[in-house]
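Here the structure is laid out as structure tokens; the discussion comes afterwards.
The values are calculated or read from the model by the stated rules, or taken from the named source; none is laboratory data. On a predicted model such as this, the values are computed, not experimentally measured, just so you know. Here the Cβ positions follow ideal geometry from the backbone for every residue, glycine too, while neighbour counts run over all protein chains shown. All accessible areas refer to the heavy atoms of the entire protein, side chains included, with ligands and DNA or RNA removed. Shrake-Rupley method; radii C 1.70, N 1.55, O 1.52, S 1.80 Å.
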Amino acid sequence: MRFAHVSLPGTDDPRLVVVTGTDALLVEELFPGAPRFLEQLIAGGDDMLHRVRETAARSEQSYPLAELTFASALLTPPVILAIGLNYAAHSSELGLKTDSTPTVFVLWPNSLAGHDGTTAWPRSLSESVDYEAELGVIIGTPAKDVAPEDALAHVWGYTVVNDITARDIQYSEAQWSRCKSFDGFTPTGPFVVTADEVPDPQDLHIWTVLDGHTLQDASTDQMVRPVSMLISHLSKSATLLPGTLISTGSPGGAGYSRDPQVFIRDRSTVTVGIDGIGALTTHCRILD
């Protein structure tokens with residue numbers, strides 16, 4: 001199934017919908033006590049997902065998706081964990097070494113944003129802002145000390161993440177959270193696809209188009225550490241709670257490494273996508 005958080009026309013209050021082609025079914029209208037947000041659906045477990053699936057198949061009340069405004073794929077994740085340097089080509093182009101264990105940092109919740117929204121930041125803060133297409137993994141059941149071969153059983157679904165990054169700040173500070181956590185710097189969505197629709201997260205085409213030019217074009221099979229290994233590693237030190245979002249790293253093709261360098265400009269439009277999951281667009285403004 002495919003889900004999204006959207007606001008109906010005339011409102012700014014996100015609600016969970018089931019996406020069926022070009023239409024959306026409001027989940028809270030399917031039955032009494034139905035979840036209003038994805039986090040509630042995840043917390044309801046397999047039984048809740050099954051009930052939503054069954055009632056959505058019979059529902060006749062839908063809304064044209066084109067008339068709705070997208071919010072972030074997750075609204076209140078317990079944590080956003082990001083993995084750095086998980087594609088060899090990206091590590092090399094940034095002049096950074098892939099460590100023997102995953103590079104992990106946290107993204108701040110204020111950075112979450114939705115598809116087709118506008119992200120703005122002051123020119124005085126950074127003019128070296130870059131894109132990073134990433135596969136987002138959403139945990140469905142608590143994961144603690146799980147083996148790699150069991151890890152994918154804890155995945156609820158997948159989404160698309162753009163890990164927007166202020167490169168000048170990234171290279172001037174020892175940690176990476178701030179340079180990637182400006183307001184709106186973590187767009188997610190437009191959709192969350194349930195895990196049953198992604199049989200192999202290491203067999204997905206991932207790409208970025210900036211202002212009409214394709215700048216990233218890769219496959220998730222190029223990850224240094226696959227999704228299963230990342231979940232296993234993270235779960236050894238802390239329980240991964242339902243709703244946790246893991247952004248699994250970006251492939252080669254970053255604008256910082258190009259000659260000449262290519263950064264997001266004022267009024268740029270950047271779309272990051274993963275075939276079978278979705279294409280996530282962000283409009284950018286640099287404020288003087």
Alpha-carbon Rg/Rh ratio, for the stretch 197-246, with Rh computed the Kirkwood way: 1.09
Dipole of the stretch 77-209 [Lys/Arg +1, Asp/Glu -1 at C-beta], most positive-end residue of P148, V106, L135: V106
If you roll a 1.4 Å probe over the chain with all protein chains in place, what percent of the accessible area is carbon or sulfur? 51 percent
Determine, at each q value in 0.14 (inverse angstroms), the log₁₀ of I(q)/I(0) that the Debye formula gives when each Cα of the stretch 203-279 is one equal point scatterer. -0.60
Which is farthest toward the positive dipole end of the chain among Q61, H5, L94, measuring Cα position about the Cα centre, with Cβ charges +1 (Lys, Arg) and -1 (Asp, Glu)? L94
For the stretch 13-75, what's the relative contact order in percent, using C-alpha pairs closer than 8 Å and at least 6 residues apart? 39 percent
Work out the P(r) tail for the stretch 1-89: percent of alpha carbon pairs separated by more than 15 Å, whole number. 60 percent
Can you tell me the relative contact order of the stretch 110-233? Whole percent, Cα pairs under 8 Å, sequence separation 6 or more. 32 percent
Kindly report the accessible area of the chain per residue (heavy atoms of protein chains, probe 1.4 Å, no ligands, DNA or RNA), in Å². 42 Å²
One computes Rg over Rh for the chain from alpha-carbon atoms, with the Kirkwood Rh, and obtains 0.96
Note the angle between two axes, namely the Cα long axis of helix 45-58 and the longest principal axis of the Cα atoms of the chain, as a number of degrees from 0 to 90, rounded to the nearest 10. 70 degrees
So how far apart, in nm, are the two label points at D211 and Q40 if each is 7 Å from Cα heading toward Cβ? 4.3 nm
Treating the angle as unsigned and between 0 and 90°, give the value, to the nearest 10°, between the Cα long axis of helix 227-237 and the longest Cα principal axis of the chain. 90 degrees
Averaging sequence separations of C-alpha pairs under 8 Å and six or more residues apart, then dividing by the length of the chain, give the relative contact order as a whole percent. 24 percent
All other residues with a Cβ under 14 Å from the Cβ of V18 taken together, and with Lys, Arg as +1 and Asp, Glu as -1, what is their net charge? 0
Ignoring everything except DSSP H segments at least 4 long, calculate the 222 nm mean residue ellipticity for the chain; use -39,500 (n - 2.57) per segment, divide by total residues, nearest 500. -4000 deg cm²/dmol
